[in-house]
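Read through the structure below, which is laid out as structure tokens, and then see the notes.
The values are calculated or read from the model by the stated rules, or taken from the named source; none is laboratory data. Given the structure is predicted, the values throughout are model-derived calculations rather than measurements. Cβ placement follows ideal geometry from the backbone for every residue including glycine, while neighbour counts extend to all protein chains displayed. Surface accessibility is based on the protein's heavy atoms, side chains included, excluding ligands, DNA and RNA. Shrake-Rupley method; radii C 1.70, N 1.55, O 1.52, S 1.80 Å.
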Amino acid sequence: MNIALDAMGGDLAPEVNIVGARDALKINKNIDQLYLVGDSEVIGQLVKKHGITDTRIKIVHAPEVVAMDESGAKALRRKKKSSISVATDLVKSGDADAVVSAGNTGAAVAAATVKLRTLKGVERAGIATAIPNEHGICQLLDAGANPEAKPQHLVTYALMGAVYANKVLEVERPRVGLMSNGEEDEKGTTFTKETFALLKHLESTNRAPFDFIGNVEGHDLFDSKLDVVLCDGFTGNIILKTCEATAKAMSKWLKLEFKRSPFRIMGAAIASGAFKAVKKKSSYEYVGGSPLLGVNGVCIIGHGGSSALAIENAIRVACETVSLEVNPHIETALAEINRP
């Protein structure tokens with residue numbers, strides 16, 4: 001398979017992207033071609049600096065970059081030769097099977113949606129972001145692609161998230177919850193109540209490839225057996241950023257408290273293995289990237305602060321999504337729920 005990497009996307013780009021690409025090629029032998037898209041002179045220098053000689057790497061020149069603080073949709077129209085635009089064009093033309101970017105999320109979503117379009121039966125694409133919990137991985141969907149979703153969009157998200165959980169995460173019968181302000185059926189806004197009714201109807205007609213467990217609350221993301229949690233992109237993005245900020249704050253507070261006495265420092269040293277294990281479980285670096293489900297192609301969106309390890313794992317996620325044929329399975333599931 002062939003992967004296109006937006007080499008200029010991300011707060012630490014392009015160097016970490018080049019190193020991540022190098023490391024990804026070492027472990028993903030099924031990659032035939034890895035396109036590094038961006039300023040060819042800069043990328044060429046970094047490839048040389050890091051002694052990369054893998055013949056599967058091909059540099060594709062793109063003279064423009066979408067900054068992290070730019071409007072994604074506007075930048076896509078104005079910067080037609082941006083690295084994210086050119087990388088997505090490689091998927092559109094069939095030269096690449098997937099695009100990976102840790103750059104401007106709005107630009108990545110806009111490029112994939114405009115250039116690749118959506119799968120048949122999908123009105124709006126959604127970002128599925130992995131949230132680690134006590135039972136494994138819970139996919140939060142949508143994490144920011146579609147801030148003004150409609151109830152029917154969330155039904156599609158439920159199906160796409162369930163297919164992804166089944167095919168990639170190997171969950172036999174995914175459990176899907178709807179984010180609300182209480183577990184009771186009558187709780188929520190008009191939007192969530194309408195979504196609830198649609199999901200219940202789908203389940204009652206035996207066409208849902210998942211178990212709908214009803215409304216869930218914020219704490220359920222971490223302590224309940226859930227595989228997919230549904231919400232609009234506005235809510236999902238707030239949840240995601242709040243979780244990230246809380247994790248950073250807790251880490252900072254712990255470090256400050258451990259430094260207050262020699263005994264605490266000794267205790268921290270003894271427990272260092274446990275801290276590393278928790279960090280690995282909760283870090284986005286090991287998750288890699290979030291699939292933009294629903295577009296007619298594979299698009300993996302990485303964290304803006306992605307390290308080389310995060311880029312390596314984002315490329316791994318792209319390979320998994322392509323090789324496990326997630327999109328064809330989504331189309332099959334959509335056809336099933338839409339049957340007369």
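A few comments on the model shown:
- Residue in the stretch 259-266 that is in contact with a strand residue (DSSP E or B) (Cβ under 7 Å, 6 or more places away or on another chain) and aliphatic (A, V, I, L, M) present: no
- Looking across the stretch 119-150, just one residue is of a type in the set (A, V, I, L, M, F, W, C) and open to solvent by 30 Å² or more (accessible area, probe 1.4 Å), and that is 137.
- Tally of residues being closer than 12 Å to residue 129 by Cβ, touching a helix residue (DSSP H, G or I) at 6+ places or on another chain (Cβ under 9 Å) and either among the hydrophobic types (A, V, I, L, M, F, W, C) or not in a helix (DSSP H, G or I) (or both) across the stretch 234-259: 2
- The condition (being buried (at least 17 other Cβ atoms within 10 Å of the Cβ) and not in a strand (DSSP E or B)) is satisfied by just one residue among 100, 86: 86.
- Pairs meeting the criteria (first residue in the stretch 189-209 and more than 18 Å from residue 179 (Cα to Cα), second residue open to solvent by 80 Å² or more (accessible area, probe 1.4 Å) and of a type in the set (D, E, K, R), beta carbons under 9 Å, at least 6 apart or on different chains) are 207/336; 207/339; 209/173; 209/336.
A quick yes/no check of all residues on (1) over 17 Å from residue 2 (Cβ atoms); (2) at pLDDT below 95; (3) surrounded by fewer than 17 Cβ atoms within 10 Å (Cβ to Cβ):
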residue: 36; (1), (2), (3): no, no, no
residue: 42; (1), (2), (3): yes, no, yes
residue: 65; (1), (2), (3): yes, yes, no
residue: 75; (1), (2), (3): yes, yes, no
residue: 93; (1), (2), (3): no, no, yes
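Condition check ((1) surrounded by 24 or more Cβ atoms within 10 Å (Cβ to Cβ); (2) within 11 Å of the chain's Cα centre (by Cα)) across all residues:
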| site | (1), (2) |
| --- | --- |
| 292 | yes, yes |
| 303 | no, yes |
| 308 | no, no |
| 324 | no, no |
| 329 | no, no |
| 338 | no, no |
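- Qualifying residue in the stretch 274-285 (condition: over 16 Å from residue 243 (Cα atoms) and open to solvent by less than 20 Å² (accessible area, probe 1.4 Å)): no
- Listed by position, the strands (runs of 3 or more DSSP E) contained in the stretch 135-233 that have at least 1 residues being more than 21 Å from the chain's Cα centre (by Cα) are 211-216.
- Scanning the stretch 161-202 for residues that are among the acidic types (Asp, Glu) and closer than 30 Å to residue 322 by Cβ returns 170, 172.
- Scanning the stretch 296-335 for residues that are out of contact with any helix residue (DSSP H, G or I) (no Cβ under 7 Å at 6 or more places or on another chain), within 28 Å of residue 244 (Cβ to Cβ) and part of a helix (DSSP H, G or I) gives 314, 317, 318, 319, 320, 321, 322.
Quick grid of which residues meet (1) in contact with a Cys (Cβ under 8 Å, 6 or more places away or on another chain); (2) at pLDDT 95 or above:
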| position | (1), (2) |
| --- | --- |
| 140 | yes, yes |
| 146 | no, no |
| 196 | no, yes |
| 203 | no, no |
| 207 | no, no |
| 223 | no, no |
| 228 | yes, yes |
| 241 | no, no |
